[in-house]
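Below: the structure, in structure tokens.
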Amino acid sequence: MAFCIAVIGKDNAPLYLTTSDMEQELELQYHVNAALDVVEEKCLIGKGAPESKELYLGLLYSTENHKIYGFVTNTRVKFIVVIDSSNVALRENEVRAIFRNLHLLYTDAICNPFYIPGESLTSKKFDRAVQKLMSGTA
Amino acid sequence: MSEEILFDCLHAEIVNYCLDSNKEHDLATLEYIGFTTGYRLIERLTREVSRFKDELETMKFICTDFWMLIYKKQVDNLRTNNHGMYVVQDKAFRFLTRISPGTKQLEHAPKFVAFTCGLVRGALSNLGINSTVTAEVQSIPACKFHIEVNRN
Amino acid sequence: MSRQASRLDAKKVNSEFLTLTYGALVTQMLRDFENAEDVNKQLERIGYNMGMRLIEDFLARTSAPRCLEMRETADRIQQAFRIYLNIQPTISNWSPASDEFSLVFDSNPLTEFVELPPDLTNLRYSAILSGCIRGALEMVQLEVQCWFVQDQLKGDNVTELRVKFVRRLEEVIPAGED
Amino acid sequence: MIIYGVYIVSKSGGLIFNLDNNVPRIEHEKTFTYPLDLVLDYDSKKVSVSFNRKDGINVGHVLVAVNGMPVNGVTLDDGRDVRTTLDAPENYPINLKFSRPKMTTNEKIFLASMFYPLFAIASQLSPEPKSSGIEILEADTFTLHCFQTLTGIKFIIISETGLNGIDLLLRKVYELYSDYVLKNPFYSLEMPIRCELFDNKLQELLAQVEKTGISNIDK
Amino acid sequence: MTIFNLYIFDKFGTLLHYAEWNRTKKSGITREEEAKLTYGMLFSIKSFVSKISPHDPKEGFLYYKTNRYALHYLETPSGLKFVLNTDTTAINVKELLQQLYAKVWVEFVVRDPLWTPGTVVTSELFQSKLDEFVRQSPIFGIRNI
């Protein structure tokens, strides 16, 4: 369903990244990084009113093969989801659902008292759940 | 009500644990337990909340919604000097309402507000606001929390 | 201005607040003590102290009479979990002499978000629960032993807490009476 | 209406008369398999239930028979030790009979002597001046009424709870006492009452009260 | 109807709290001696009641009355003993004591983090709540002379 799901910390350091296609990993990582700039623009963090009050930012940009969507929590953690451009069956509300679920998983993961905020997310529980989300079997 | 007493008991025990004279513990430990709790908790409490516009909106959320959820009552007064100083006044602060007012008890008051100072600081910190939170108890059970935003 | 947070379920928030605060306490203790055994003891002690107070609230709230059999005790403990933690453990595995039973939890709010690091297998994360049961029962003149048999945190399917009757404590006779 | 007992306590606190009336026999018998699920308390004088009451066998009840054989204190009639017997799996299934302990005469004398100071302390601790001693004592299972004569003798009636007019009955017992005890030339004060006539009259009185109620006793 | 005084003991016989309202007679001994005497008396009454009771008692002793006052007794399964002296016409005192336990004792003693279980209660907050509770009860009423 999705090619790549990434969680990026407040300071733009990646906390978690997974791709379904190892061959495209570098390209996907590049998309994620590029997306962060768009996110910054959209949110204008710290500089006046953001464009939208919604946490879901929608489509950040698209390339020939990929569509890149973004989401920023109130705590300034960014979620980036890359999906296949050719997948026309995937509707907007399904993308929203991916983010909503990802947000739930993320909040649960940081509520683990043994997780230190800002460190990369190594939780197996989190990873398993995200993999399911990515394959659309969640 | 039933969950409240459970938490109040836990809170009282955490206070005892942190201020047990046998250990080199102090209010800072207690504050830190509050901090990590607030930091994580706010992640959950703001999940369904639309994006905060600015510092004032964030502060309002902490002092109204957040306070209501945790302390089961509204703050009695919220003031700001518009220069990053906020004062929250709670005339019957949850962790003080069962303590007898009196000078002897007043000495103990800092123990019962330290966790909350940390809680608020932690919540704000995760929302991107670096602050210093102190509490002032002049007469039990009233308490004033001073939140000073560090804008550097 | 009230924002959307007012839609949050207050019960759920209470429970999560407790869970997170407890987690913060456990990790603080792990910083304070070198080994997990000492942390277990501290958690157990905190639970014991809480149990001593909670039992009074429970008795006042339920007007429950003194327990004269272990099966009643089990029911009351179950009821207390429902009142204070909003969960209902199953009572099972009675010993033939009816002096020992298990409380089986499908879920445990204290460990809802917890993933135990592999080096902390000795940590009894929820030791507060066994302490609480001991403290509460001691206040009503029942001495019990209480320990974890299974723990979801350690990969078991359920969390199982075993409670064993030791003895009934006698009422203290005032000086000069017999 | 149920009257459980009448006690007369002398001026100096000695029990000089008592009549048990209608005291229920509370006994339960049950066959147990090993291990025994009652928690028993073995002291030097008796074996009693301390926890895990079951099928009417309540905490406080005393073991009176094992497989039909009477138990004397902590030993069976044939000399075997109760604890050893109950601890041995091969003795199961086993039939045990328990009874709510009944008061012995000595215990009654002791209780009467206990009531005497209680009566005085209740008066001393009164928050109001000029208080008498205990006149009524209420428990969930019985009511105790006490009437003290001017000469210091206490008449005590133990009855079921919620009855009216027990004070009238007490006066009536006092009357019987005056008529059939005090007037008996062979009775010396402070000594236990052994007067057949008094016994009979009292039993008649109680029988009448139980049948027709207190309001119908002749004044 | 009226209320005279109240003793609260723990299971070890420690007098955790004493309060009085319309008491007109002192026992002539110190508070400690009076408490000891009261506790000893209650202990004897309980033992007396359990022996003399024709059936297995559940709550056991509830109250006694003299010609001048009534002593009402509530013991919790945790061994707390609430002893309230009223005039002899007071009714529903057991319910009152149960309420006192739930609404005043648990709220302002058990939940007071500065109180250590088993120690004498000195909290003024508790004392004022207790006073308010007693004065508001229908039993406190206006004194009949």
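Counted as qualifying within the range B:1-61 are the helices (runs of 4 or more DSSP H) with 2 or more residues that are modelled with pLDDT of 95 or more, closer than 27 Å to residue C:55 by Cα and out of contact with any Gly (no Cβ under 6 Å at 6 or more places or on another chain), namely B:2-18, B:27-45.
Among E:53, E:27, which is the only one that is closer than 14 Å to residue D:124 by Cβ, facing chain D (nearest Cβ under 7 Å) and among the small types (Gly, Ala, Ser)?
Among E:53, E:27, only E:27 is closer than 14 Å to residue D:124 by Cβ, facing chain D (nearest Cβ under 7 Å) and among the small types (Gly, Ala, Ser).
Closer than 30 Å to residue D:140 by Cα, within 14 Å of chain E (Cβ to nearest Cβ) and out of contact with any Ser or Thr (no Cβ under 6 Å at 6 or more places or on another chain): is that true of residue C:52 in this structure? Yes; evaluated as a whole, the condition is true for this residue. The set of residues from the range E:67-93 being assigned to a loop (DSSP other than H, G, I, E, B) and either aliphatic (A, V, I, L, M) or away from chain C (no Cβ under 13 Å) (or both) comprises E:67, E:68, E:69, E:80, E:87, E:88, E:89, E:90, E:91, E:92.
Taking the conditions (1) free of Cβ contacts under 8 Å to residues at least 40 places away in the same chain; (2) more than 8 Å from every other protein chain (Cβ to nearest Cβ) in turn, residue D:42 satisfies each one other than (1).
For the range A:103-138, the tally of residues that are among the small types (Gly, Ala, Ser) and part of a helix (DSSP H, G or I) stands at 3.
In the range D:52-70, of all residues being part of a strand (DSSP E or B) and out of contact with any Leu (no Cβ under 7 Å at 6 or more places or on another chain), the one that is nearest to the other protein chains (Cβ to nearest Cβ) corresponds to D:62. Looking across C:104, C:26, one residue alone is at pLDDT 95 or above and within 14 Å of chain A (Cβ to nearest Cβ). It is C:26. The condition of being away from chain D (no Cβ under 11 Å), in a helix (DSSP H, G or I), at pLDDT 95 or above and out of contact with any helix residue (DSSP H, G or I) (no Cβ under 7 Å at 6 or more places or on another chain) holds for only one of E:16, E:100, E:96, that being E:96. Quick check, is residue D:197 more than 29 Å from residue E:22 (Cα to Cα), without any contact (Cβ under 8 Å) to a residue 24 or more places away in the chain, assigned to a helix (DSSP H, G or I) and in contact with a helix residue (DSSP H, G or I) (Cβ under 6 Å, 6 or more places away or on another chain)? Considered against the rule, which asks whether it is more than 29 Å from residue E:22 (Cα to Cα), without any contact (Cβ under 8 Å) to a residue 24 or more places away in the chain, assigned to a helix (DSSP H, G or I) and in contact with a helix residue (DSSP H, G or I) (Cβ under 6 Å, 6 or more places away or on another chain), residue D:197 comes out as yes. When the criteria are applied in full, residue B:69 meets the requirement of being within 30 Å of residue C:62 (Cβ to Cβ), away from chain E (no Cβ under 14 Å) and not hydroxyl-bearing (Ser, Thr, Tyr).
Of B:132, B:103, all but one fail to be farther than 17 Å from residue B:16 by Cα, modelled with pLDDT of 95 or more and surrounded by fewer than 16 Cβ atoms within 10 Å (Cβ to Cβ); the exception is B:132.
In the range D:9-31, the residue that is nearest to residue D:194 (Cα to Cα) out of those that are among the polar types (S, T, N, Q) and assigned to a loop (DSSP other than H, G, I, E, B) is D:10. Residue count for the range D:71-91 satisfying the condition of being touching a Pro at 6+ places or on another chain (Cβ under 9 Å) and surrounded by 14 or more Cβ atoms within 10 Å (Cβ to Cβ): 1.
Looking at residue C:82, is it under 28 Å from residue B:68 (Cβ atoms), under 15 Å from the mean Cα position of the chain (by Cα) and either at pLDDT 95 or above or not hydrophobic (A, V, I, L, M, F, W, C) (or both)?
Answer is yes for this residue.
Inclusion of residue B:114 among residues that are crowded, with 17+ Cβ neighbours inside 10 Å, under 27 Å from residue E:124 (Cβ atoms) and at pLDDT 95 or above is warranted. The set of residues from the range D:98-116 being in contact (Cβ under 8 Å) with a residue 24 or more places away in the chain, in a loop (DSSP other than H, G, I, E, B) and more than 9 Å from every other protein chain (Cβ to nearest Cβ) comprises just one member, D:102.
Based on this model, can you work out whether residue D:157 counts as more than 10 Å from chain E (Cβ to nearest Cβ) and modelled with pLDDT of 95 or more?
yes
When C:144, C:140 are checked against the criterion of being within 23 Å of residue D:59 (Cβ to Cβ), within 14 Å of chain E (Cβ to nearest Cβ) and not hydroxyl-bearing (Ser, Thr, Tyr), a single residue qualifies: C:140.
Taken as a whole, the structure places residue C:116 among residues that are assigned to a loop (DSSP other than H, G, I, E, B) and either of a type in the set (A, V, I, L, M, F, W, C) or on the phi > 0 side of the Ramachandran plot (or both).
Is at least one residue of the range B:87-109 in contact (Cβ under 8 Å) with a residue 60 or more places away in the chain and assigned to a helix (DSSP H, G or I)? Scanning the range B:87-109, I find at least one residue that is in contact (Cβ under 8 Å) with a residue 60 or more places away in the chain and assigned to a helix (DSSP H, G or I), so the answer is yes. Only residues that are closer than 30 Å to residue C:71 by Cβ and among the aliphatic types (A, V, I, L, M) were counted in the range D:3-49, giving 7.
Being without any contact (Cβ under 8 Å) to a residue 24 or more places away in the chain, facing another protein chain (nearest Cβ under 8 Å) and surrounded by 20 or more Cβ atoms within 10 Å (Cβ to Cβ) holds for only one residue in C:32, C:57, and it is C:57. Here residue D:24 clears all of (1) surrounded by 13 or more Cβ atoms within 10 Å (Cβ to Cβ); (2) closer than 23 Å to residue E:53 by Cβ except the condition numbered (1). Tally the residues that are of a type outside the set (S, T, N, Q), within 8 Å of chain D (Cβ to nearest Cβ) and over 30 Å from residue D:26 (Cβ atoms), restricting the search to the range E:30-50. Qualifying residue count, the range E:30-50: 2.
The criterion of being in contact (Cβ under 8 Å) with a residue 60 or more places away in the chain and at positive phi holds for residue E:79.
Under the condition of being surrounded by fewer than 21 Cβ atoms within 10 Å (Cβ to Cβ) and aliphatic (A, V, I, L, M), which residue from the range B:79-100 is nearest to residue B:63 (Cα to Cα)? Across the range B:79-100, the extreme among qualifying residues is B:87. Just to be sure, is residue D:123 in a helix (DSSP H, G or I), touching a residue at least 24 places away in the same chain (Cβ under 8 Å), of a type outside the set (Asp, Glu) and more than 25 Å from residue D:1 (Cβ to Cβ)? Spelling it out, it is not the case that residue D:123 is in a helix (DSSP H, G or I), touching a residue at least 24 places away in the same chain (Cβ under 8 Å), of a type outside the set (Asp, Glu) and more than 25 Å from residue D:1 (Cβ to Cβ). Here the range B:36-59 is the region considered, the condition is being polar (S, T, N, Q) and at the interface with chain A (Cβ under 7 Å from one of its Cβ atoms), and the residue that is surrounded by the most Cβ atoms within 10 Å (Cβ to Cβ) is B:46.
The values are calculated or read from the model by the stated rules, or taken from the named source; none is laboratory data. Keep in mind the model is a prediction, meaning the values are calculated, not measured. Cβ atoms come from the backbone with ideal geometry, glycine included; neighbour counts cover every protein chain shown.
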